[in-house]
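Only the coordinates and a few stated rules stand behind these numbers; no lab work does. This one's a predicted model, so the numbers in the text were calculated from it and none came from an experiment. Reconstructed Cβ throughout: ideal geometry from the backbone, glycine too, with neighbour counts over all protein chains shown.
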Amino acid sequence: MNFFNNNKNEGIYLDYAATTPVSERARKAMEAYFSNNFANPSSLHIPGQKAEASLDELREEAANILGASWKEIIFVPSATYSINLAIRGAVKAKKKILKEAPHIVTTNIEHSAVLNTCRDLEKEGVDVTYVPVSKEGFVSVLDIQNAMKKNTVLVSVMYVNNEIGTVQPIKEIAEVLKDFPAYLHVDAVQAANYLGINATDLGVDMMTLSSHKIYGPKGAALLYKKENVEISPIVTGGDQERKLSSGTENMPCIAGFVEALKEIEELKPREPEQILALRKIFIDRVLNNGKNIGLNGSNEQRVPNNINIYFKNISSEALIPLFDAEKVYVSGGSACTSRTPEPSHVIKAIGREEYAKNSIRVSLGRETSKEDIERAADVFIKISKEHN
Ligand code: PLP
């Protein structure tokens, strides 16, 4: 299956980190919930009970994959909502018992869902430490430990960076935080396709996953929250999802999401390897033949599907139409900010200020073929020679 209905003339999609197509399995799993098992799972009647039983089953399946209990899975509409719930919810709950302003520790390469939530909380007097990363894009466990204060209520660190694909040492951070009362929330949105997402193995208190990055539909995400972790709701309403995410559950999308989760777990033994082999072909070809271009971030220590290339003399804003003209669809930053020609905070954070406006993310996925990657690499080479 190809997202352009197998019509390669439509172009080459290399923006899987922004969003993925919905897999056949996920799409099929959704069907039952549109006009058949469509009742509101909170309704008391028999069709409502049937929908509730299906929701319980889906929750149990998601929990099994995460090494969690069904009580620890909160279905929400998006990863952004989940992140807000984890961060704002923890601050709100702890504010009730703390005498001083709560403190949050995070990194300076987080997604805007985390950074803008923290910035917003700062306006309310919350104290936030943004721990810097190394030139390769990694946060140090010691730096996190050193940032801890007695009023730290939450540490939020992304598992995988969405722009440069670097993998953060989550297990080690969780180990160190055992000595502190603060909760650890992990944004695992970009990690789920390639890395272990067993929350118990990772040792995290909360973890965010998103459906539309793993070949599920848009409109569903989940917050894993360990049973003893206390957070307050951030939206008021019908008290669904154990009072933590009011609003009728989006059953078709949750069903598609859970099916996609099962599918990525089944594919993990082989898909990451295949994608990694394609990435190697692309990087070697582009770095050996391109002009005035280079790789941002580590060559090895990143998720298999991520490549981030800087062009010395041309902005990503100018580059995107050039790639569009070649029908090669890449990203000029993270999806949420790529229409704003702001320099990338991630490229800046790794000390490459001069390329913060000149970098292109290429993200591979399930349908990417060797042929696609070779053609895309040749387009990179051509553009680098013609416009530098
Ligand atoms: N976190 C990371 C690392 C992401 O890459 C994204 C989306 O790009 C999000 C959070 C937010 O996801 P959504 O826009 O689906 O809410």
From the backbone phi of region 36-45, what are the Karplus-calculated ³J(HN,Hα) couplings (6.51 cos²θ - 1.76 cosθ + 1.60, θ = phi - 60°) in whole Hz, Gly and Pro given as x? 9, 8, 9, 5, 6, x, 8, 6, 7, 5
Relative to the first principal axis of the alpha-carbon coordinates of the chain, what is the inclination of helix 251-267, with its axis defined by its Cα atoms, in degrees from 0 to 90 and to the nearest 10? 60 degrees
With a point put 7 Å past each Cα toward its Cβ, work out how far residue 227 is from residue 273 in nm, to one decimal. 3.8 nm
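What's the ranking of 231-237, 78-84 by average number of surrounding C-beta atoms within 10 Å, highest first? All intermediate terms of the calculation are to be shown ahead of the outcome.
Details: 231-237: 15.4, 78-84: 22.9.
The packing order, highest mean first, is 78-84, 231-237.
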Loop-only check: which GluC sites (Glu not before Pro) in region 117-174 are DSSP coil with at most 13 other Cβ within 10 angstrom? 124
Given a Förster radius of 45 Å and the C-beta distance between residue 145 and residue 38 as r, what FRET efficiency does 1/(1 + (r/R0)^6) yield to the nearest 0.05? 0.35
Using alpha-carbon positions, what is the distance between the centroids of region 193-242 and region 247-265, in Å? 12 Å
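How about region 8-107: which GluC sites (Glu not before Pro) there are in a DSSP loop, with at most 11 other Cβ atoms within 10 Å of their Cβ? List each step's numbers first, then the result.
Values: sites: 10, 24, 31, 52, 57, 60, 61, 72, 100; in loops: 100.
Listed in order of number, the matching sites are 100.
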What whole-number distance in Å separates the alpha-carbon centres of region 344-371 and region 80-148? 24 Å
For the pair residue 95 and residue 266, how long in nm is the line joining their label points, each one 7 Å along Cα→Cβ? 4.5 nm
What is the magnitude of the charge dipole of region 254-388 about its Cα centre, with +1 placed on the Cβ of each Lys and Arg, -1 on the Cβ of each Asp and Glu, and no other charges, expressed in debye to the nearest 20? 380 debye
Could you grab the relative contact order for region 268-316? Cα pairs under 8 Å, six or more apart, rounded to a whole percent. 39 percent
Name the residue, out of 107, 117, 200, whose mean-square fluctuation peaks in a Gaussian network model built on the chain with Cα pairs under 10 Å. 200
What ³J(HN,Hα) values, in whole Hz, does the Karplus curve 6.51 cos²θ - 1.76 cosθ + 1.60 give for region 276-282 when θ = phi - 60°, with x put for Gly and Pro? 4, 4, 5, 4, 4, 4, 4
Which longest run of the chain has no exposed loop site in it, a site being trypsin sites (Lys or Arg not before Pro) in a DSSP loop with at most 13 other beta carbons within 10 Å, and the site itself not part of the run? 1-95
So what J values fall out for region 377-388 if you push phi through Karplus, 6.51 cos²θ - 1.76 cosθ + 1.60 with θ = phi - 60°, rounded to Hz, Gly and Pro as x? 4, 5, 5, 4, 5, 4, 4, 5, 7, 7, 10, 10
Which residue, chosen from 377, 199, 260, occupies the Cα position most advanced towards the positive end of the dipole of the chain, where the dipole is computed from +1 (Lys, Arg) and -1 (Asp, Glu) charges on Cβ about the Cα centre? 377
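Helix-derived [θ] at 222 nm for the chain: sum -39500 (n - 2.57) over DSSP H runs of at least 4, divide by residue count, nearest 500? Before the final figure, lay out each step's value.
Values: 12 runs with 145 residues, N = 388.
Mean residue ellipticity, 222 nm, calculated: -11500 deg cm²/dmol.
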Cα-based helix-to-principal-axis angle, 46-66 vs the chain, degrees rounded to 10: 60 degrees
Within the chain: Cβ-based charge dipole about Cα centre, in debye rounded to nearest 20 (Lys, Arg +1; Asp, Glu -1): 560 debye
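Expected output is a single nm value to one decimal: the length gained when fully extending between residue 10 and residue 313, i.e. 0.36 nm times separation in residues minus the C-alpha distance. What is it?
Working: separation 303, 0.36 × 303 = 109.08 nm, distance 2.89 nm.
Extra length available between residue 10 and residue 313 comes to 106.2 nm.
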Relative contact order computed over the chain (Cα-Cα under 8 Å; 6+ residues apart), in percent: 23 percent
